[in-house]
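The values are calculated or read from the model by the stated rules, or taken from the named source; none is laboratory data. Please read these numbers as outputs of a predicted model, since none were measured by experiment. A quick note on method: Cβ atoms are made from the backbone with ideal geometry, for glycine too, and the neighbour counts reach across all protein chains shown. The accessibility values were calculated without ligands, DNA or RNA, using every heavy atom of the protein model including side chains. Shrake-Rupley method; radii C 1.70, N 1.55, O 1.52, S 1.80 Å.
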Amino acid sequence: MDITFIDETKEVSQDKINEIEELLQFAADYLKLPEDTEMSVTFMDNAGIQVINRDYRGKDAPTDVISFALEEDGDDEIPIIFDEEMAMPRNLGDIMISTERAAEQAEEYGHSFDRELGFLAVHGFLHINGYDHMTPEDEKEMFGLQKEILDAYGLER
């Protein structure tokens, strides 16, 4: 899987980016995604993610992670249909993570920043793969899979 990382905070170390990439590659293998799958991860601060949250979700407050799934049709959108002979990579979409909020939540929940950042990355990753938690059934499925992936990777609470 090809992952593009953007660090708007200029504070995320290359080692931390490598760790998140390894975790997301593991999650992609866990879901058996094709090798030519693409996605992006942007690290931002609370102010940056608050703008995204306000503009796209109508919530004027910082949040921890926001996902934009490219394969999800929005209201009044026409699905894009590609010719099967066109060899195009599958682009899942974009994940935005507030590292500032991740640090706050790690302290709140009493676990490491690494655990929280990994949790948010996998959570956003599942969203761009079509999982959601809007109903109790969907929440059980998504959170169960999320725990399976994090436990199998070794990033437990």
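Here are a few things to note about the model shown:
- Carbon and sulfur %, accessible surface of the chain computed with the full protein complex present, 1.4 Å: 48 percent
- Dimensions of the chain along the principal axes, based on C-alpha atoms and rounded to the nearest Å, stand at 49, 36, 35, largest first.
- Per residue accessible area in Å² of the chain, where ligands, DNA and RNA are left out and the probe is 1.4 Å: 60 Å²
- Accessible-area order (highest first, 1.4 angstrom probe) of the listed residues 23, 145: 145, 23
- Listed residue (13, 52, 68) projecting farthest to the positive dipole end of the chain, Cβ model: 13
- Charge dipole of the range 87-157 about the Cα centre (unit charges at C-beta), most positive-ward option of 130, 91, 106: 91
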